[in-house]
Structures are given as structure tokens and as C-alpha cells.
Amino acid sequence: MTGQVRTVDGRVAGRRGQATRQKLLDCLSEMLSSSPYRDVKVIDVARKAGTSPATFYQYFPDVEGAVLEIAEQMATEGGQLTELLEGRSWVGKAGWQTAQELVEGFLEFWRRNDAILRVVDLGAAEGDKRFYKIRMKILNSVNNSLSDAVAELQSKGKVDKDVNPAAVAGSLVAMLAAVASHQKGFQTWGVKQAELKPNLALLVHLGVTGKKPTK
């Protein structure tokens, strides 16, 4: 049977157990938004969820194990970012629309998952391969689609033949991730969210097509 939720010792969790497990994850997610990752303790998560540390340990080996579970769920959601690019045109006014919707979707995903993404970025930066794989899973959903878009334009003679699609896509995705994780910082530079989006979309459009957008 697929989709089974198991306890640490391998037992299949019933409906009530699954609800308890999800509540623990929800409470941990909420705590990560206001507390440093390494300051969160099992006893605090359990107390917030209205249960005991012993119950927490039935489902997760430690806080890090639960964080990884949240991150995996988020990465699965992040895979849907590719839908922002599937079957989309980069030619004419449609191309400008594609760039804008990609930027909007990417920034919104980052805002919605800011707390867990900060933990993922920290783990990846420290060399933890588990967090690194999760981060790449999210970014690859956009990177591969952008690379394909550049390659297609190149095959039609609309992009210079010397351009490396993978290099362009990787650079754009790295830029999007950096900007998305620093959205609040732009405000200290006097850049409003409404101003950030079109300018970021302009850079994405230029990167993919090599041309200014048709508005």
C-alpha cells in the first residue's frame, strides 16, 4: 500500500497517529518562523502540539529529522514551479508575460516557505548533502525548463549559437533564488516589491531571449 505513514520503529500509523504527526510538523514549521533552527527543542515542539516528547520520538528521531520531512514536502510542492514554464512561449508579448509570471510564482513560493528554506540553505551551505539535494530538487524544476527554453530558441536561430543554455539557465535560477531569499532586504534599499518584480522579470527575459521584452 502506498502513502503509508510509519513510526520510527516501522509500525503503520493509524488515522489518529497521522494527525498527531502532522500536527507536530505544523507546530515545528510555525516555530521555525520565529526561532533559530538550532534553538528549537523536542520538548518545546511537543508542548506546542499538546503532546509529549515520547510521542514526538515515535515519529521522528530528532528535530532535524522532522525538519527534513517538512523540507521534503516543500520540495515536492516546489516541483510545481515547472508548471510556470511548461508550454509557454518566450516570443513577443507572450514572452514578457511568461517572464513576469515566473518571477511572481518564484517569489511567492519563497515567501510562503521562507522559514524552512532558510534552514535548507543553511544546511546546504554547511555541506549537508541531504539539504543540498532538497535545494537542488526545487531549483532544478525551474532550471531544466529554462534551459530547454533557451535551447529551443537557439534551434530556431533566435538565440546566438555560442550561448550555453545550461549556463544561462543556471545563472538565472541562482539569481532568482538569491533575490527571493533577500526580498525584505530590498526594502532597506528603497526598492518596493511592486518595483522589484518587473525589473527582475526584465533580467530573466533578457537572459532567456537576449532581447528586451515586447510589452
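Each value in this text was obtained by applying a stated rule to the coordinates, not by laboratory testing. Since this is a predicted model, take the numbers as computed values, not measurements. Every residue, glycine among them, receives a Cβ derived from its backbone with ideal geometry; neighbour counts consider all protein chains shown.
For the cross-link pairs 161/197; 93/158; 23/184, the ones whose C-alpha atoms lie over 18 Å apart are 161/197; 23/184. Based on C-alpha pairs under 8 angstrom that are at least 6 apart in sequence, the chain has a relative contact order of 21 percent. Among the trypsin sites (Lys or Arg not before Pro) in the stretch 149-189, those located in a DSSP loop and surrounded by at most 12 other Cβ atoms within 10 Å of their own Cβ are 156, 161.
Quantify how much of the Cα-Cα distance distribution of the stretch 158-215 extends past 13 Å, in percent.
Values: 1077 of 1653 pairs.
Value for the stretch 158-215 (Cα pairs over 13 Å): 65 percent.
What translational D, rounded to a whole number of µm²/s, comes out for the chain from Stokes-Einstein when the hydrodynamic radius is the Kirkwood one over Cα pairs, at 10 °C and 1.306 mPa s? Display every interim value, and only then the final one.
Numbers: Rh = 19.2 Å.
The estimated diffusion coefficient comes to 83 µm²/s.
Using Cα positions and a limit of under 18 Å, work out the aspartates and glutamates in reach of residue 137, with same-chain residues fewer than 8 apart set aside. Once the sequence-local aspartates and glutamates are set aside, what remains near residue 137 is 69, 72, 77, 83, 86, 108, 114, 121, 126, 128, 148. For the stretch 106-194, the list of GluC sites (Glu not before Pro) that fall in a loop by DSSP and count at most 11 other C-beta atoms within 10 angstrom reads 126.
Restriction of the trypsin sites (Lys or Arg not before Pro) in the stretch 35-77 to DSSP coil positions whose beta-carbon has at most 15 other beta-carbons within 10 angstrom yields 41.
For the stretch 41-97, what percent of Cα pairs sit more than 16 Å apart? Each step should come with its number before you reach the end.
Details: 962 of 1596 pairs.
The share of Cα pairs beyond 16 Å in the stretch 41-97 comes to 60 percent.
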